[in-house]
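As structure tokens, the structure follows; a few thoughts come after it.
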Amino acid sequence: MNIDLPFIWESLVELLTAIPTTLAITAVSMLCGLAIGTVVALIRMYKVPVLHSVAASYVTFIRGTPMLTHLLLIYFGLPLIVDALSAQFGWPFRSVNIPMITFAYISFSITAGAYLSEVVRSGLQAVDKGQIEAAYSIGMTTRQAISRIVFPQAFAILLPSLSNSTISMLHGSTLVFTVSVVDINAKSQIIASSNWKFFEAYIAAAAIYWGLTILIERLTAIVEKRINIYNRGGVT
Amino acid sequence: MIKLTQIKKSYGRHQVLKGIDLTVEKGEVVAILGPSGSGKTTLLRCMNYLERPSEGEITIDGFTVNCKRPSKSDIHSLRKQSAMVFQQYNLFRHKTALENVMEGLVVVQKVPKEQARKRSIELLEKVGLGSKLDAYPSQLSGGQQQRVGIARALALNPKVILFDEPTSSLDPELVGEVLSVIRKIAREGITMIIVTHEMSFAQEVAGHVIFIDDGMIVERGTPNELFNSPKEERTKQFLKRYTPDGVYSI
């Protein structure tokens, strides 16, 4: 076996420059996904007319198709729509001006939104019904009750799932190489093929992904500890 | 003060409340008794719309809601008239005792924080929890939690406080501390409606007692009338199980 150990280190250093891209894709998708997921979960829980069935179809379609397919659909579909609209309204904007990474942001946010809507829903439903009743009984509106009483508790409940989803998204973001965005994975491919040292480059990529994952786990643990003070009990 | 007219409530085909009429005067303490499943808790929960009555009219302090077609703002305004103490306490789990009491003042009544804080501390001291201000509900005993619940209700200065079996999920040892707090505020002339199984407590603290069975008011009267000389057969039957201490029928 012939492994070029120093090259692993070299690749690792070079891959560091791609970390911001990967993190940006993960963070943007998760944040937008969480926003979409929350709205969808509320629509479904409160059975908002019309929107309710739209939301349900969105969730089943997205969860029923691969993330890569979403990316390709957005990558090839969105420019058609943008250009058609531009032509229609005479905007100077053309789809070629859209940065590639935007396709990743949009498509992964849509993907994450569907999965996270289920995560959020389970969190909201796990909050004891008595909590919202108590909020109503002191005169809160539904909006106040949800944002001040239900959400904070739901968030504590869904934090572990959220951390899981973030890790999935971190790993799933590797798909962006298909739309020529250079993230950690794409960069490692470039390093690998230009030096003919595939194994070494991919080991370096794996190490970085692992490191980032551990970071997410640690962060979750810290947040979880802070947020769960009220569940500790027995210490007065 | 409070007037309920022909309150009816059905779950599907099952009619839980079959037309309840009830008037409660200002400052009055009314106890609602009845067997499990009689509809007494449902009736109480209808008064602040945690249950939606199917029919009827609810008036609290001049504000009337027609239950046929209430608007969201009607329900919201009705709820602001009352406060509730729950069987399961239902304290906000992620907030401390003090924050629980302050929440309604700050968020609903828009009282400035400092003022709300001061009033909340006073109330918690009144229910004997001045030393537990920063404790989370999970760090409190059931009796302490329920006392926070009472302070939270009192904070809002409501027209009426609704008690839904406030001692039913407490250890027998802890019932006393909660009842003594309720007794204390009853003496202050706050209008209260109490659903309870504590017969002797009802007898002692209530000005009026109502006996409900099968979704209807069977009998009403002063505690003396109802406990010592009930007229209806069903009431007698029900009260038989609660013969006062020291009286044994062999």
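The values are calculated or read from the model by the stated rules, or taken from the named source; none is laboratory data. Since the model is a prediction, treat every value here as computed from it, not as a measurement. Here Cβ is always computed from backbone atoms with ideal geometry, including for glycine, and neighbour counts include all displayed protein chains. All accessible areas refer to the heavy atoms of the entire protein, side chains included, with ligands and DNA or RNA removed. Shrake-Rupley method; radii C 1.70, N 1.55, O 1.52, S 1.80 Å.
Tally the residues that are farther than 16 Å from B:Val160 by Cβ, of a type outside the set (S, T, N, Q), in contact (Cβ under 8 Å) with a residue 12 or more places away in the chain and surrounded by fewer than 21 Cβ atoms within 10 Å (Cβ to Cβ), restricting the search to segment B:1-15.
Matching residues across segment B:1-15 total 1.
Considering only residues that are among the polar types (S, T, N, Q) and either at pLDDT 90 or above or closer than 21 Å to B:Ser38 by Cβ (or both), which ones fall in segment B:225-250?
B:Thr235, B:Gln237, B:Thr243
Does at least one position in segment B:161-171 carry a residue that is surrounded by fewer than 18 Cβ atoms within 10 Å (Cβ to Cβ) and within 13 Å of chain A (Cβ to nearest Cβ)?
yes
Within segment B:225-232, is even one residue buried (at least 21 other Cβ atoms within 10 Å of the Cβ) and more than 17 Å from the chain's Cα centre (by Cα)?
Among the residues of segment B:225-232, at least one is buried (at least 21 other Cβ atoms within 10 Å of the Cβ) and more than 17 Å from the chain's Cα centre (by Cα), which makes the answer yes.
Please tell me if B:His94 is within 14 Å of chain A (Cβ to nearest Cβ) and closer than 24 Å to B:Ser168 by Cα.
The answer is yes for B:His94.
Sort through A:Ala134, A:Ala112, A:Ala156 and tell me the only one that's at pLDDT below 95, crowded, with 16+ Cβ neighbours inside 10 Å and assigned to a helix (DSSP H, G or I).
Every option except A:Ala156 fails the conditions.
How many of the residues making up segment B:111-136 are within 12 Å of chain A (Cβ to nearest Cβ) and open to solvent by 10 Å² or more (accessible area, probe 1.4 Å)?
5
Hey, any hits in segment A:86-102 for a residue that's of a type in the set (Gly, Ala, Ser) and facing chain B (nearest Cβ under 10 Å)?
No.
For the list (1) assigned to a helix (DSSP H, G or I); (2) closer than 21 Å to B:Val160 by Cα; (3) of a type in the set (A, V, I, L, M, F, W, C), I need the number of the one condition that B:Leu98 fails.
Failed condition: (2).
Restricting to segment B:28-53, name every residue that is hydrophobic (A, V, I, L, M, F, W, C), in contact (Cβ under 8 Å) with a residue 60 or more places away in the chain and either assigned to a loop (DSSP other than H, G, I, E, B) or within 14 Å of chain A (Cβ to nearest Cβ) (or both).
Once the filter is applied, which keeps residues that are hydrophobic (A, V, I, L, M, F, W, C), in contact (Cβ under 8 Å) with a residue 60 or more places away in the chain and either assigned to a loop (DSSP other than H, G, I, E, B) or within 14 Å of chain A (Cβ to nearest Cβ) (or both), segment B:28-53 yields B:Leu44, B:Met47.
Taking into account only those residues within segment A:114-153 that are without any contact (Cβ under 8 Å) to a residue 60 or more places away in the chain and more than 22 Å from B:Leu156 (Cβ to Cβ), which is farthest from the other protein chains (Cβ to nearest Cβ)?
That would be A:Ser122.
Would you point out which residue out of A:Arg143, A:Arg218 is at pLDDT below 95, open to solvent by 50 Å² or more (accessible area, probe 1.4 Å) and under 30 Å from B:Glu99 (Cβ atoms)?
Checking each option against the conditions leaves just A:Arg143.
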